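Step one of this worksheet: look at the structure below.
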Amino acid sequence: MFEFITDEEERGQVGIGTLIVFIAMVLVAAIAAGVLINTAGFLQTKSEATGQEASAQVSNRVTVVNAYGSVNDANDSVKNGTVHFVNVTVMRAAGSENINLSEATIQWIGPNQATTLVNGPNNADQTSNEQFATIGVTDDDQDQVLSDKDTRIKLVMNATAIKNDDGSFSGTGNSLTGLMEGENVKLTITTQYGASTDYWVSVPESLMDKQAVKL
């Protein structure tokens, strides 16, 4: 029933064969383990990067501190008694990192126009219908980077140029119109991290005898 190997040379050959099979199995297991470790490391790195990006898109955004409109009463090309410039002051949201507003965008959805604004000249008068200006609120504030929780920067949009889809002021006799009484604009401020903040600009029902109004 059982075969006993008494020849010493034959017993050695069987042992060598078993050893070769064993070594082959160990090598295959080692290669498989290496592949699994590399894959696990790659997935861990990928998941960490994805988690950081997702966290940045949630936390690295701005908070609107206040907003006001500059009412036109002296420009011969723009209708008097309309909001000529929209001024929105922002700060870093809680838990956010430094935010460079020169890389931010503002989506403007207004009464008659929808457009995306990018950072332009710091002089609001020189901005076009596709730009917004950044101005430090205090002497210590930078013009473009929200570097700490105390920094405040004002975003200024030329409402007249945007609403008329025209960067020039060549009209005469109040031919261009800023935001009028009762009109609303939705602003979406998106930072370089992809985090967005929505803010509704609402012009008061009366602008009579006003130079600036809260929005």
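Scan the range 88-117 residue by residue and report those that are within 17 Å of TYR193 (Cα to Cα) and in contact with a helix residue (DSSP H, G or I) (Cβ under 9 Å, 6 or more places away or on another chain). Those that are within 17 Å of TYR193 (Cα to Cα) and in contact with a helix residue (DSSP H, G or I) (Cβ under 9 Å, 6 or more places away or on another chain): VAL90, ALA93, ALA94, GLY95, SER96, GLU97, LEU117. Of the numbered criteria (1) modelled with pLDDT under 75; (2) under 30 Å from VAL213 (Cβ atoms); (3) crowded, with 17+ Cβ neighbours inside 10 Å, the one ARG92 fails is (1). Is it the case that the range 143-156 has a residue that's modelled with pLDDT under 85 and either in contact with a Gly (Cβ under 6 Å, 6 or more places away or on another chain) or at positive phi (or both)? The answer is yes, given that some residue of the range 143-156 is modelled with pLDDT under 85 and either in contact with a Gly (Cβ under 6 Å, 6 or more places away or on another chain) or at positive phi (or both).
Please tell me if THR197 is at pLDDT 90 or above, under 27 Å from the mean Cα position of the chain (by Cα) and of a type in the set (Val, Ile, Thr).
When the stated conditions are applied, THR197 passes them.
The values are calculated or read from the model by the stated rules, or taken from the named source; none is laboratory data. Quantities reported herein were computed from a predicted structural model and do not represent experimental measurements. Please note: Cβ atoms are built from the backbone with ideal geometry, for glycine as well, and neighbour counts cover all protein chains shown.
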